[in-house]
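Read the structure below first, then the notes.
Read the figures in this text as sums done on the coordinates, not as results from a lab. Owing to the predicted nature of the structure, the values given are computational and were not obtained by experimental measurement. For neighbour counting, all protein chains shown are included, and Cβ atoms are generated from backbone atoms with ideal geometry for every residue, glycine included.
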Amino acid sequence: MKKLFLCLIGIVAFSNLFSQDSLRMNYWTNGTAYTIPRHRWELGLFSTSRYGITQNLELSLHPLMFFLMPQVKIKVGWGEYSGFRLTTEHGIFYPTQAMRLVTRKGAGGLISPEFTIPQMFSLHNGFLVSCKPFKNAILSSHAGIAFSIKFGPLDKLSTIDLPIIYPRLAVFYHNPEFDVGMDFRGKIIPVFGWLFNVENFLLCHTKQNWFLENKGALVYTSKKETFRAEIGYKLCYGRYPAGPQWHLLPALDLVLGIK
């Protein structure tokens, strides 16, 4: 009886600890409708880095890729309605220099040098909706559309038929491109959590019109929320020009939080 009593006390104490350290809605929320706090930085090793301009305005870009393949996004928070948080995202993507860099023969060449890569960029607009289905989790859905603008012809045989890369460049060959997906994340215990998301890319004017990415990961977050580590998998499916293909890749990210 004494052991049972001590066990019950332990369960209650653990529950109280967990509730006191419930998921903070404004931290580590890339992929959700929540923006990070004003003046907070999140610097990702492989993912984009983010900065809170105001409480409802967020800037994101990838520092390592900015000078080769710049992609800048602004996330705007529009408030919460009946428990649902709404934001919009607006971005610009410029891949020309990176594509020209790999247009060569031999090592590092992904595009044949017979093809010319024109100056081009794409504009993306989308919206995200998030809610809390239970106390320590966030469920999000998103949808968006991208348009490309090219200052010259781009041969359809110049594609880079690799997972992750092909869907993000497809808008320059099949305009416009739609994306839709969901993200589900939460905590297991105060410093460990999980992440599961699905992303679909839908192309126009082609039979190779659907690409899917699914990511699952375990997540560690330091108690002061200054460091985050993710490890898991990324499963990709796509209808490439050469035919349907599946790819299973490792997923790893390290993020530093500064305020």
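List the lysines whose alpha-carbon lies under 21 Å from that of Lys105, not counting same-chain residues fewer than 8 positions away? Cα-Cα hits under 21 Å: Lys156. Look at Lys156, Lys215 and count the other Cβ atoms within 10 Å of each Cβ; fewest to most, that gives Lys156, Lys215. The Cα-based radius of gyration of region 135-198, divided by its Kirkwood radius, gives an Rg/Rh of 1.19. Within region 26-70, whose backbone N sits under 12 Å from a point 7 Å along Cα→Cβ of Leu254? In region 26-70, the label zone of Leu254 (backbone N under 12 Å from the point 7 Å along Cα→Cβ) covers 44-46. Take 87-96, 224-233 and order them by the average number of nearby Cβ atoms within 10 Å per residue, most first; the result is 87-96, 224-233.
Normalised by the number of residues in the chain, the mean separation of alpha-carbon contacts (under 8 Å, six or more apart) gives a relative contact order of 14 percent.
Mean projection of the Cα convex hull over all viewing directions, computed for the chain: 16.8 nm². Helical runs (DSSP H, four residues minimum) scored at -39500 (n - 2.57) apiece and divided by the length of the chain put the mean residue ellipticity at 222 nm at -3500 deg cm²/dmol. Here the Karplus relation 6.51 cos²θ - 1.76 cosθ + 1.60, evaluated at θ = phi - 60°, turns the backbone of region 243-255 into coupling constants of x, x, 9, 10, 9, 10, 10, x, 10, 9, 8, 10, 10 Hz, with x for every Gly and Pro. Phi-derived couplings, Karplus 6.51 cos²θ - 1.76 cosθ + 1.60 at θ = phi - 60°, listed residue by residue for region 170-181: 4, 4, 7, 10, 9, 9, x, 10, 10, 9, 8, x Hz, with x used for Gly and Pro.
Pairs from the table (Lys75/Lys223; Lys187/Lys234; Lys150/Lys207; Lys132/Lys224; Lys135/Lys215; Lys73/Lys215) lying more than 24 angstrom apart at Cα are Lys75/Lys223.
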